[in-house]
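The values are calculated or read from the model by the stated rules, or taken from the named source; none is laboratory data. Keep in mind the model is a prediction, meaning the values are calculated, not measured. Ideal geometry is used to build each Cβ from the backbone, glycine not excepted, and the neighbour counts take in all protein chains shown.
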Amino acid sequence: MTEEERPGAGAWVPDRISLRSLEEAVQSCRGCELYRDATQAVMGEGRLGSALMLLGEQPGDQEDRQGHPFVGPAGGVLHDALADAGIDPDDVFTTNVVKHFRWSGTRGRRRIHQSPSRAHVAACGPWLEAELELVRPRGVVLLGGTAGKAVYGASFRVGAARGEPMTWPATSAARRPPDWVLATTHPSAVLRADDRAATYDGLVADLRVAAALLAGT
């Protein structure tokens, strides 16, 4: 797809934003080519005014089929980790930097995840900007490298930044930036890890930092 064919999502974001208007509008988005192979777009979910936004990479196979973020195996890991970190799921808004599922080939009945490119992340950026303006979270947890690069640029590395509070970069568009940002591994990394217990414990430890920041301690 050329730059002319990948115009970005801005033209599809409604002037008056609400959770419903974003969910309806994103289904028509043609900001990049990923809509062609996806079942549907998957917008973020949660309540307005949620103190915490969890920002992942893109919908997976189950998310694409069901139309909700983090309902597949990685979502189960994330749900457990939030509980173990003492974070109320009712005070969390969960979303991804890319709203359509990018995949390549199948394994049985499951479509195989393919990471979105920087061009896809950039094209989808206006949806995230709208979510941030609408939800106005106090903090954002970046789940994995793609989310980190979407906010901080190509040089971002999760391993160098995880677990340490950061400020929202002035170079990243957001009319209402959060007070703080925290990076951690994507929960899917737990499922791929040789030592799942240790990787899971690391995720929970980072989320406990977020819980402390939300508590003001």
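Okay, here's what the table says:
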{"quantity": "Tally of residues being touching a residue at least 12 places away in the same chain (Cβ under 8 Å), touching a helix residue (DSSP H, G or I) at 6+ places or on another chain (Cβ under 8 Å) and surrounded by fewer than 21 Cβ atoms within 10 Å (Cβ to Cβ) across the stretch 63-79", "calculated": "2"}
{"quantity": "Residue within the stretch 33-43 that is touching a Ser or Thr at 6+ places or on another chain (Cβ under 8 Å), surrounded by fewer than 19 Cβ atoms within 10 Å (Cβ to Cβ) and not small (Gly, Ala, Ser) present", "calculated": "no"}
{"quantity": "Elements of type helices (runs of 4 or more DSSP H) in the stretch 128-217, at least 3 residues being among the hydrophobic types (A, V, I, L, M, F, W, C) and in contact (Cβ under 8 Å) with a residue 24 or more places away in the chain", "calculated": "145-152, 188-192, 196-215"}
{"quantity": "Number of positions in the stretch 146-171 that are of a type in the set (Gly, Ala, Ser), over 16 Å from residue 53 (Cα atoms) and surrounded by 14 or more Cβ atoms within 10 Å (Cβ to Cβ)", "calculated": "1"}
{"quantity": "Residue in the stretch 9-55 that is nearest to residue 68 (Cα to Cα), counting only those that are touching a residue at least 12 places away in the same chain (Cβ under 8 Å) and of a type in the set (S, T, N, Q)", "calculated": "40"}
{"quantity": "Filtered residues of the stretch 1-41 (kept if within 16 Å of residue 119 (Cα to Cα), of a type in the set (Ser, Thr, Tyr) and at pLDDT 95 or above)", "calculated": "35"}
{"quantity": "Which numbered condition residue 116 misses (of (1) surrounded by fewer than 21 Cβ atoms within 10 Å (Cβ to Cβ); (2) modelled with pLDDT of 95 or more)", "calculated": "(1)"}
{"quantity": "Of all residues making up the stretch 97-135, the number that are of a type in the set (D, E, K, R) and either under 15 Å from residue 146 (Cβ atoms) or under 13 Å from the mean Cα position of the chain (by Cα) (or both)", "calculated": "5"}
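Yes/no matrix, rows are residues, columns are (1) farther than 27 Å from residue 16 by Cβ; (2) of a type in the set (S, T, N, Q):
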position	(1), (2)
78	yes, no
91	no, no
110	yes, no
114	yes, yes
130	no, no
133	no, no
140	no, no
156	yes, no
